[in-house]
There are 2 protein chains.
Amino acid sequence: MNNMSTKRNARAKEIAQAALRLFARKGFTAGSVEEISAEAGIGKSTVYEYYRNKEELFVAAVQEGADQWFADLEMIGSETQDPVERLYRIADLYLEDHGADFTEKSRLFLEVVSQTLLQGGIFSDQRHLILNIYQRHIRTVVGFLLEGVSSGRLRPEIARHSEKIAINFLAYLDGLVMHGMVAGGQVDLRSQIDLFLKYFAPLLTIERTEAA
Amino acid sequence: MNNMSTKRNARAKEIAQAALRLFARKGFTAGSVEEISAEAGIGKSTVYEYYRNKEELFVAAVQEGADQWFADLEMIGSETQDPVERLYRIADLYLEDHGADFTEKSRLFLEVVSQTLLQGGIFSDQRHLILNIYQRHIRTVVGFLLEGVSSGRLRPEIARHSEKIAINFLAYLDGLVMHGMVAGGQVDLRSQIDLFLKYFAPLLTIERTEAA
DNA sequence: CTAAAAGTCGACCCGTTGTTCGGAAGTGTT
DNA sequence: AACACTTCCGAACAACGGGTCGACTTTTAG
């Protein structure tokens, strides 16, 4: 029985991952259930054994994507204690795989935003789900900042505005990735971020190097 | 004859504007041609007298949106000469109408980005069109920065990185608007921008007020 | 005034796709 | 081997929506 349900869960997860890949590639409306089933290597009707409908499948795909994202974020938290280094690593995460074609995460993120506000979109009546993911995202970065203050590497004043700072930093990264998308390789995201952090990081850290 | 074609153009523009509104509200795939025709107060088939197909209509809608946007941007350029003031005004433009529900421009922008990268999307083979709009956008802000340098209000070093700076600034604004969208009023965009510009503007201007 | 041209639109066609259904194929139990 | 039970899927259903067509109305021009 337990064996049964774990096997079932594993199957459900496989389908969700296939859906994640396809939705990221083609979007919610254009990505058909049949294609997803093909991607997962099963029949179309089998999908409906695991998910009531396409929307539920999309939600599962988003959850799957979010889980992967937070796993990466937490990895950063455990691998380095230096707050500035952490910010650089987050930026790396955003740029990851940004070669020939874009990472699944960015595309799916875009699709989520669309579905969140588009009238009649999937999340228009399930905002709380997205809001949870969003707030966890912010909270993680706020945590990094506050830890940086406690450990004495960041200026104490940061603590007061930690949430605003986190939001601004992430907003910048999200926006930059979008620019990279529309500009399609015309913009060197790496050097954009380097320029940004070159001025941003000193605003946060204690050691002020006034001598240029 | 001339009268005829201007009348025809006017009609085409009306339809494009209706399309702009609807696509912004429901997205490209979910917004049907029938709804657009209803929004424009005409029959569905009439739309096809002015646009070959739905994609062409979408392109027209995007052009329409871009035209409005650049008109606003140029207005800023003519209304004030102060470069920092101009940046603030651009930020205002992004926040404009961000009350109950979001401005058409932001939503359409999102849809454009989607359609630009989604495999099989409209702009996947018409990237140049989007790229033109994008570059004009960047170039306008670069122009503001360079004018600021010439007039002696911005630091001369700015000139070297003017494009990178413009991109970073606009990327931040785009990203922030997206955050506002997903967070749905939980984030006070105005105060986010104020915090950002409070640290950003002094990096650009000549008069350094080291005494806090 | 009239005939051709342009504009309009209701009705229809048809491909796509989400969803259901009935039964076949596997799995475990006794 | 026979049974229940789950898993799987091919085929059919139904709705939706992009696009076409032919007839009707309005405009233009001589």
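Just so it is clear, none of the values below were taken in a lab; they were calculated from the coordinates. Please read all numbers here as calculations on a predicted model, not as lab measurements. Neighbour counts run over all protein chains shown; Cβ positions are idealised from the backbone, glycine included.
Please compute the contact order of chain B in relative form: average sequence separation of alpha-carbon pairs under 8 Å and at least six residues apart, divided by the residue count, as a percent. Write down the numbers at each step before the final one.
Numbers: 161 pairs, mean separation 37.6, N = 212.
Taking the mean separation of contacting Cα pairs over the length of chain B, I get 18 percent.
In degrees between 0 and 90, to the nearest 10, how far off the longest principal axis of chain A does helix A:54-79 point, with axes built from Cα atoms?
It works out to around 30 degrees.
In whole angstrom, note down how far apart the Cα centers of segment A:49-70 and segment B:134-198 are.
35 Å
For the protein assembly as shown, just say rounded, prolate or oblate: build the C-alpha gyration tensor, square-root its eigenvalues into a ≥ b ≥ c, call rounded for a/c under 1.5, and beyond that prolate if a/b exceeds b/c, oblate if not.
Details: a/c = 2.17, a/b = 1.09, b/c = 1.99.
Verdict is oblate for the protein assembly as shown.
How much FRET efficiency would the formula 1/(1 + (r/R0)^6) give for A:Asn53 and B:Tyr48, where r is the Cβ-Cβ distance and R0 is 45 Å, rounded to 0.05?
Efficiency, from the Cβ-Cβ distance: 0.85.
Segment A:12-58: which trypsin sites (Lys or Arg not before Pro) are DSSP loop and have at most 12 other beta-carbon atoms within 10 angstrom? Could you put the intermediate results ahead of the total?
On the way: sites: A:Lys13, A:Arg21, A:Arg25, A:Lys26, A:Lys44, A:Arg52, A:Lys54; in loops: A:Arg52.
When the trypsin sites (Lys or Arg not before Pro) of segment A:12-58 are filtered for loop state and at most 12 Cβ neighbours within 10 Å, A:Arg52 remain.
Which loop-located GluC sites (Glu not before Pro) does segment B:49-135 contain, where loop means any DSSP state but H, G, I, E or B and the Cβ has at most 15 other Cβ atoms within 10 Å?
Sites meeting the loop and neighbour criteria: B:Glu96.
Only Lys, Arg, Asp and Glu count, each charged at its Cβ (+1, +1, -1, -1), so figure out the dipole size of segment A:130-212 about its Cα centre, rounded to 20 debye. It would help to have the intermediate numbers written out before the result.
On the way: 9 positive and 8 negative charges, 39 e Å.
Roughly 180 debye, rounded to the nearest 20.
With no solvent and one point per C-alpha, what does the Debye sum give as log10 I(q)/I(0) for segment B:72-174 at q = 0.10, 0.15, 0.19, 0.20 Å⁻¹?
Here log10 of I(q) over I(0) equals -0.34, -0.71, -1.01, -1.08.
Calculate for the protein assembly as shown the 222 nm mean residue ellipticity that helices alone would give, adding -39,500 (n - 2.57) per DSSP H run of length 4 or more and normalising by residue count, nearest 500 deg cm²/dmol. Kindly include the intermediate steps, with their values, before the conclusion.
On the way: 18 runs with 310 residues, N = 424.
After summing the helix terms and dividing by residue count, I get -24500 deg cm²/dmol.
Rounding to the nearest 10 and keeping the result within 0 to 90°, find how far the Cα-based axis of helix B:2-26 lies from the longest principal axis of chain B.
On a 0 to 90 degree scale, this one is about 70.
Quick check for me: using +1 on Lys/Arg Cβ and -1 on Asp/Glu Cβ, what's the dipole size of the protein assembly as shown about its Cα centre, in debye to the nearest 20?
Numbers: 48 positive and 58 negative charges, 80 e Å.
The calculated dipole for the protein assembly as shown is roughly 380 debye.
Report the residues of segment B:40-55 in range of a label on B:Gln126: point 7 Å along Cα→C-beta, backbone N strictly under 20 Å from it.
Zone members listed by number: B:40, B:45-55.
Between A:Lys198 and B:Gln135, take the C-beta separation as r, use R0 = 35 Å, and let me know the FRET efficiency to the nearest 0.05. All intermediate terms of the calculation are to be shown ahead of the outcome.
Values: r = 25 Å, r/R0 = 0.71.
Taking R0 as 35 Å, the efficiency between A:Lys198 and B:Gln135 is 0.90.
By count of other Cβ within 10 Å, fewest leading, how are A:Val142, B:Val62 ordered? Present the calculation step by step, with values, prior to reporting the outcome.
Numbers: A:Val142 18, B:Val62 25.
Arranged by neighbour count, lowest to highest, A:Val142, B:Val62 become A:Val142, B:Val62.
Could you list, in their original order, any pairs among A:Lys44/B:Lys105; A:Lys7/A:Lys54; A:Lys13/A:Lys105 whose Cα atoms are separated by more than 28 Å?
From the list (A:Lys44/B:Lys105; A:Lys7/A:Lys54; A:Lys13/A:Lys105), the Cα-Cα distance tops 28 Å for A:Lys44/B:Lys105.
Classify segment A:150-194 from the C-alpha gyration tensor, please: rounded if a/c falls under 1.5, else prolate or oblate depending on whether a/b exceeds b/c. Could you put the intermediate results ahead of the total?
Numbers: a/c = 5.56, a/b = 2.50, b/c = 2.22.
The shape class here is prolate.
For chain B, what are Rg and Dmax over the alpha carbons, in angstrom?
Cα only, chain B: 19.8, 68 Å (Rg, Dmax).
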